[in-house]
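A.B. asks: I have a structure here, written as structure tokens, and I will follow up with some questions on it.
The values are calculated or read from the model by the stated rules, or taken from the named source; none is laboratory data. On a predicted model such as this, the values are computed, not experimentally measured, just so you know. We place every Cβ from the backbone using ideal geometry, glycine too, and count neighbours over all the protein chains shown. The accessibility values were calculated without ligands, DNA or RNA, using every heavy atom of the protein model including side chains. Shrake-Rupley method; radii C 1.70, N 1.55, O 1.52, S 1.80 Å.
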Amino acid sequence: MSELVATALLLAVFGLLMAVCVVSTRTIERLGVPVVLVFLLLGMFAGSEGPIGIAFEDYRFTFRIGTAALILILLDGGLNTPLAAIRQSIRPAAVLATAGVVGTAGLVAAFAHLLDLPWNESLLLGAVVSSTDAAAVFAVLRGGNLRLSRRVGTTIELESGINDPMAVILTVAATSLLGAEPVSLLGMALGVPLQLLIGLIVGIVLGLGSRMLLHVVRLSTAGLYPVLTLALAFIAFGLATLAQGSGFLAVYVAGLVLGNSTIPYRSGLIRIHDAIAWLSQISMFLMLGLLVFPSRLKPVAGLGIMLALFLAFIARPAVVFLCLLPFRFPLKEVAYIGWVGLR
């Protein structure tokens, strides 16, 4: 098969899968099924062990595409979030993104150890699953049929966008334990606020700079304005990450600054970025589905299901309840936050 034919076949299949995802979203929402789960299943259907049989196992490429997709999703989230809602939700979201992640990781690790996994592996597993996934959360909140209060929705979105530093630090620490390397507890304690502070500063500076640039520059066509905002989002992520900060937080904050400013073609930019965010969600979860090999899941299916049920119904809800207790959230809203973050 020539390269042109192979590329054409791949694009045709990918386009068909994307079309199925888009057309079926309304039906999926009515059934109460998470949209991202359907994207994953369609990816598995097209994958190496599915009927279509697309051979794909490039984890490095998937990581890079997934990172770019998450940047675009967080940019859209920032553009659509009112600043007043952030003021109301920043404290509970920060507690969930730090203490909540640590608590969830600890409970999952303890339960995994009870299931006969060694402590070092249990800690790594707990660290990996402790944080909510921003892409999945934004897909559920912005595309689902949930009707949440602004405070609850913003708390969930903000927490999912700023919990990466804590999750990364816990994962690195657990990996060091697997390799019998020394772990600095002081370095871990200082690492999270430092990463958040750097990401916040870079996001504000790039957001204000982007707002000024959009007012000063005169582009030849309106279609170039969203290209410019995309470029600025990638710059924000890159600069913050290179400075040892949270790149994802920087993107979200930059989008927040732009979304709450008067900028040229604002309504058109928001519509375009909303479409780009949906394209990113579909592409990313289809690609993740392609990486799934059902035959590899069979040996660990029982353990994985038990851990997933424990995480969804015990660990995460308990941690969310304890973290939000000082903020006087109604019990119904606490339940939503604990549930939506895992949906």
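A.B. asks: Filter segment 322-343 down to residues that are small (G, A, S) and either crowded, with 21+ Cβ neighbours inside 10 Å or not in a helix (DSSP H, G or I) (or both) and give me whichever is modelled with the lowest pLDDT.
C.D. replies: Taking the candidates together, the pick is G341.
A.B. asks: State which residue pairs qualify: first residue open to solvent by less than 40 Å² (accessible area, probe 1.4 Å) and inside segment 296-321, second residue polar (S, T, N, Q) and assigned to a helix (DSSP H, G or I) in any location, beta carbons under 7 Å apart, and separation of 6 or more residues or different chains.
C.D. replies: A315/T104; R316/T104; V319/T104
A.B. asks: In addition: Using the structure shown, decide if L114 is out of contact with any Lys or Arg (no Cβ under 7 Å at 6 or more places or on another chain) and either surrounded by fewer than 19 Cβ atoms within 10 Å (Cβ to Cβ) or without any contact (Cβ under 8 Å) to a residue 12 or more places away in the chain (or both).
C.D. replies: yes
A.B. asks: Now for a different question. Please enumerate the residues belonging to segment 277-295 that are surrounded by fewer than 18 Cβ atoms within 10 Å (Cβ to Cβ) and in a helix (DSSP H, G or I).
C.D. replies: Scanning segment 277-295 gives L279, P294, S295.
A.B. asks: Do we find a residue being modelled with pLDDT under 80, part of a helix (DSSP H, G or I) and surrounded by 17 or more Cβ atoms within 10 Å (Cβ to Cβ) anywhere in segment 81-97?
C.D. replies: There is at least one residue in segment 81-97 that is modelled with pLDDT under 80, part of a helix (DSSP H, G or I) and surrounded by 17 or more Cβ atoms within 10 Å (Cβ to Cβ).
A.B. asks: For segment 242-253, enumerate the residues that are at pLDDT 90 or above and open to solvent by 10 Å² or more (accessible area, probe 1.4 Å).
C.D. replies: L242, A243, V253 - these are the residues of segment 242-253 that are at pLDDT 90 or above and open to solvent by 10 Å² or more (accessible area, probe 1.4 Å).
A.B. asks: State yes or no: is A233 free of Cβ contacts under 8 Å to residues at least 24 places away in the same chain and either out of contact with any Cys (no Cβ under 8 Å at 6 or more places or on another chain) or surrounded by 14 or more Cβ atoms within 10 Å (Cβ to Cβ) (or both)? Steps first, answer last, please.
C.D. replies: Working: free of Cβ contacts under 8 Å to residues at least 24 places away in the same chain: no; either out of contact with any Cys (no Cβ under 8 Å at 6 or more places or on another chain) or surrounded by 14 or more Cβ atoms within 10 Å (Cβ to Cβ) (or both): yes.
No.
A.B. asks: For L325, state whether it is under 20 Å from Q88 (Cβ atoms) and of a type outside the set (S, T, Y).
C.D. replies: For L325, the condition - under 20 Å from Q88 (Cβ atoms) and of a type outside the set (S, T, Y) - is met.
A.B. asks: While we're looking at this one, here's another question. What number of residues within segment 117-146 are at pLDDT 85 or above, surrounded by fewer than 17 Cβ atoms within 10 Å (Cβ to Cβ) and of a type outside the set (A, V, I, L, M, F, W, C)?
C.D. replies: 2
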